[in-house]
Structure formats: structure tokens, C-alpha cells
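Shown next, in C-alpha cells, is the structure this report addresses.
The values are calculated or read from the model by the stated rules, or taken from the named source; none is laboratory data. Predicted model, so just to flag it, every value in this text is computed and none were measured. No Cβ is skipped: glycine too gets one built from the backbone with ideal geometry, and neighbour counts run over all protein chains shown. Note: areas computed on protein heavy atoms with side chains; ligands, DNA, RNA excluded. Shrake-Rupley method; radii C 1.70, N 1.55, O 1.52, S 1.80 Å.
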Amino acid sequence: GDVYKRQERAVALDPDFVPAWIILADVYLNRMGYRMPREEAHELARQALDQALRLEPENPDVILQLAELIRGNHEYSEALLLYRRARKLDPDAPQVDYATLLFTVGDLDLALKEFEHCIDKDPENFSLWYYYASALLSKGDTESALQKYQKSLEIAYGGFLADGVRATLAGMTFLYGDQDTAQNILVECLQHNPHRIDFEKGLIAGIRGIMGDKDNDDDD
């Protein structure tokens, strides 16, 4: 039978079993958009998580899942309340989603604090350093931001997403740092993956155009 019908039967058989409600919410969300209308899937998932939270109101995992669901519907104020509630229940747990939402709504001081906490727990996560750098840049601390973008690149260097980090560092260095250094990073961008024709090379071409670099037009 259909997996979501089986999971609905599971919660009917044991309506006090919290993990079953969590799985049911995931099942609804996995059907969203192609086997179930988005609004219906979202509402059913929220009902399942609300039930899990009624059963275990102090369960930080349930609270975080509900916060992420609500955030996906752009209900940022309610999502922030849930993230803060989870933070109080589990002060040491890293909350990357909380940090990025704080950044999204412009609470930069608290976002920076959360990113620092997450980095302390997972210092080899290049995405954390990247978001941290972006928050610093929004705060106006361009020197520190460039350092953190560089740290992100050092960690991501050989990975699939490293090209994007490298191109961002080139652009930010051009805008806020030294233009000779920016040129060197542009060369690294092309040397690292010369056959990619996408956002990174578009960014490189744009920066070169602004800088008036006509000598490298035949690189593409």
C-alpha cells in the first residue's frame, strides 16, 4: 500500500508514539508538489508536528522540525520563537537554521553569535564560514569578512562547491580589498576549473569588464 497510508495507520494504532508523528510529517512533505498540493501537504505535516509537540512539549527535535516547516512558509516571527525555545532546552546544540534565519531577518549581532557557536561545534564546515563571512560583510566588517571567505575556500578547496566560494571571494576582494589580489583569484578561478561556463565565469567576465581587463577576452 501507499507509504503515507501505512504511516497514518501507525499513528492511529499508537497515537502517543512521537516518532511516528514525526515520520508522518516527513512523508507528507516528501509528497508535496508532485503527489499532493503544497498547501495540503504543508498543513498535514504541521498538524502531525503539532500533535508530536503536544505529546512532548519539551522535545527540542520536534520544536526544530516545526520551526523549519514554519520557516519554509515564510512565517519568520513564529519560527524564531520556536528556534529560541529549542535553544533554551538544548543550549549547546548548534542551530545552523536559526543562525541563517537571524541573518535573513537582519538580526546580525545574534546571527554572528549563532554562527560562531556553530563553527565552534563544526569548524570544518565551509558553509558555516561562508555564511559567517556574509553576515560580517552585512555588518560592515569587510576585512574580517574577506578573511572568513578565505577560510571557507581553504576548507572547500577541492570540493564540488568550491568554485562558487572562490568566485565570491574574487568578487568581494575586488569590491572591498586589493584589486591585484582579486586578479590573482580570478586567475585561480580559471585555472582550477577552466571548462565550466556558468555563474563563476560570468562573474569573472563581469569583474574583468569593470576593471577594464581587455587582454584576457580570449580566455572563454
Lysine pairs in region 1-143 with alpha-carbon atoms under 19 Å apart, 8 or more places apart or on different chains: how many are there? 4
What are the ³J(HN,Hα) values, in whole Hz, obtained from phi via the Karplus relation 6.51 cos²θ - 1.76 cosθ + 1.60 with θ = phi - 60°, for each residue of region 129-137 in sequence order, with x given for Gly and Pro? 5, 5, 5, 4, 4, 5, 5, 4, 4
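For region 49-94, what % of the accessible area comes from carbon and sulfur atoms, probe 1.4 Å?
Carbon-and-sulfur percentage of accessible area, whole number: 51.
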How big is the shadow of the Cα convex hull of region 60-137, averaged over all directions, in nm²? 4.7 nm²
Calculated diffusion of region 21-106, Stokes-Einstein form, Kirkwood radius summed over Cα pairs, 25 °C and 0.890 mPa s, µm²/s: 186 µm²/s
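Please compute the net charge surrounding Q95, taking Lys and Arg as +1 and Asp and Glu as -1 over other residues with Cβ under 15 Å from its Cβ.
-3
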